[in-house]
Amino acid sequence: MKLKKITGLSTTEFIKSIRLNEAKKMLMEREYSVSEIAYRVGFNDPAYFSRSFKKKFNASPSSFGVENS
């Protein structure tokens, strides 16, 4: 079966979703900065990472670990 049919997401969106979910876990651990997490999960641009994170979770990554600890 095709990924979009199963998940409702394109391949690119699915991979980005997995990366953002991993970043969310890392932010909750508070071990790395937002920029470090962005690079560790595969984003080359921390600003794009922040926009994508905020769109998915309705919270900026810099405030996420603090608000949800």
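The values are calculated or read from the model by the stated rules, or taken from the named source; none is laboratory data. Quantities reported herein were computed from a predicted structural model and do not represent experimental measurements. Reconstructed Cβ throughout: ideal geometry from the backbone, glycine too, with neighbour counts over all protein chains shown. Surface areas here come from the heavy atoms of the whole protein model, side chains and all, with no ligands, DNA or RNA. Shrake-Rupley method; radii C 1.70, N 1.55, O 1.52, S 1.80 Å.
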message = Can you give me the accessible area per residue for the chain, using a 1.4 Å probe, in Å²?
response = 71
task = Return the calculated 222 nm mean residue ellipticity for the chain, to the nearest 500 deg cm²/dmol, obtained by summing -39500 (n - 2.57) across DSSP H runs with n ≥ 4 and dividing by the residue count.
result = -21500 deg cm²/dmol
message = Using 5 Å bins from zero, what percent of all Cα-Cα pairs in the chain falls into each bin?
response = 3, 18, 28, 23, 12, 9, 5, 1
Carbon plus sulfur fraction of accessible area for the chain, probe 1.4 Å, in percent = 51
query = Angle, helix 46-57 long axis vs. longest principal axis of the chain, Cα atoms, 0 to 90°, nearest 10?
reply = 70
ask   = Using Cα atoms only, what is the angle between the long axis of helix 11-29 and the major principal axis of the chain, expressed in degrees (0 to 90) to the nearest 10?
value = 20
query = What spacing in nm lies between the two simple spin-label points modelled at residue 9 and residue 59, each 7 Å away from Cα in the Cβ direction?
reply = 1.9
